[in-house]
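Heads up: the structure comes next, in structure tokens.
The values are calculated or read from the model by the stated rules, or taken from the named source; none is laboratory data. No experiment lies behind these values; they were computed from the predicted model shown. Cβ: placed from backbone, ideal geometry, glycine included. Neighbour counts: every protein chain shown. Quick note on the areas: whole protein, heavy atoms, side chains included, nothing else; ligands and nucleic acids left out. Shrake-Rupley method; radii C 1.70, N 1.55, O 1.52, S 1.80 Å.
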Amino acid sequence: MVEHDALSATREAYDAAAPTYAELFRDSLRDRPLDRAILGAFAEFVREGGDGQVADLGCGPGHITAHLDELGLAAFGVDASPAMIKLARQTYPDLRFDVGSMAALNIADGMLGGVLSRWSIIHTPPQELPVILAEFHRVLAPGGHLLIGFSASENPSHPTQVFDHAVAPAYRWWPDHLAAMLRESGLAEVARMVREPQPTDRRQFQEVQLLAHKA
């Protein structure tokens with residue numbers, strides 16, 4: 001199956017790249033005040049909704065999960081790459097990290113106050129994304145919040161665009177198109193943040209983060 005092949009290839013690529021990836025991104029929030037700001041807003045929304053656990057899906061080596069913990073959230077990480085999860089557990093032994101797939105989460109219905117998907121959907125073939133968004137909706141409690149990050153495609157006539165990611169093939173999304181997919185999955189947009197590429201950025205793509213909630 002296409003989705004199985006894509007997931008397996010992505011998992012193997014991230015297993016191989018795990019130590020390098022962890023070193024490159026461990027301090028990635030330090031020079032990103034806007035990212036820290038929207039993560040802080042996400043944490044506030046979750047707390048206002050009655051807390052609940054927060055899943056960092058596609059957590060990689062766990063640095064963002066640890067940041068959510070520092071923001072006072074009961075956060076745990078999930079990633080398809082066993083090598084990434086091993087690194088996360090070694091680096092943050094007091095936090096929980098599980099190997100798992102976003103398309104079939106081992107999380108009970110309505111268990112979570114928040115879901116963070118930070119550039120974790122970019123390797124998902126477009127035809128498979130509705131399954132993952134449905135999982136996000138399923139595991140969120142009513143009123144729970146999702147913060148999803150991705151790179152933007154260039155215009156609405158190209159709702160998805162393939163790009164050559166350093167680790168595995170990846171996709172960009174037109175923000176309004178992805179917001180509509182969230183609505184179809186029962187997740188209403190609350191706000192969005194669009195970061196323009198900086199001259200020093202390797203890829204000259206807009207970065208988008210959508211905040212949504214489950215009614």
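So the values come out like this:
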{"read-out": "Three-way shape call for the chain based on the alpha-carbon gyration tensor, with the a/c threshold at 1.5", "value": "rounded"}
{"read-out": "Sum of -39500 (n - 2.57) over DSSP H runs of 4+, divided by residues of the chain (222 nm, nearest 500)", "value": "-11500 deg cm²/dmol"}
{"read-out": "Relative contact order of segment 64-137, defined on C-alpha pairs under 8 angstrom at six or more residues apart (%)", "value": "24 percent"}
{"read-out": "Positive minus negative residues near residue 213 (Lys, Arg vs Asp, Glu; Cβ under 12 Å)", "value": "0"}
{"read-out": "Highest average packing first - 147-153, 130-136, 118-124, Cβ atoms within 10 Å", "value": "147-153, 118-124, 130-136"}
{"read-out": "Rounded percent of accessible protein surface that carbon and sulfur make up, the chain, 1.4 Å probe", "value": "54 percent"}
{"read-out": "Global geometry of segment 94-144, whether rounded, prolate or oblate, following the gyration tensor of its Cα atoms and the 1.5 cut on a/c", "value": "oblate"}
{"read-out": "Accessible area (Å², per residue) of segment 60-215, counting only protein heavy atoms and a probe of 1.4 Å", "value": "43 Å²"}
{"read-out": "Sorted peptide list for 43-56, 179-192, criterion being average Cβ within 10 angstrom, highest first", "value": "43-56, 179-192"}
{"read-out": "Within-10-Å neighbourhood charge of residue 140 [Cβ basis; K, R +1; D, E -1]", "value": "0"}
{"read-out": "Considering only the chain, percent of DSSP beta bridges that pair antiparallel, nearest 5", "value": "50 percent"}
{"read-out": "For segment 39-140: rounded, prolate or oblate by the Cα gyration tensor [a/c cutoff 1.5]", "value": "oblate"}
{"read-out": "Net charge over other residues, Cβ less than 14 angstrom from the Cβ of residue 54 (K, R count +1; D, E count -1)", "value": "-3"}
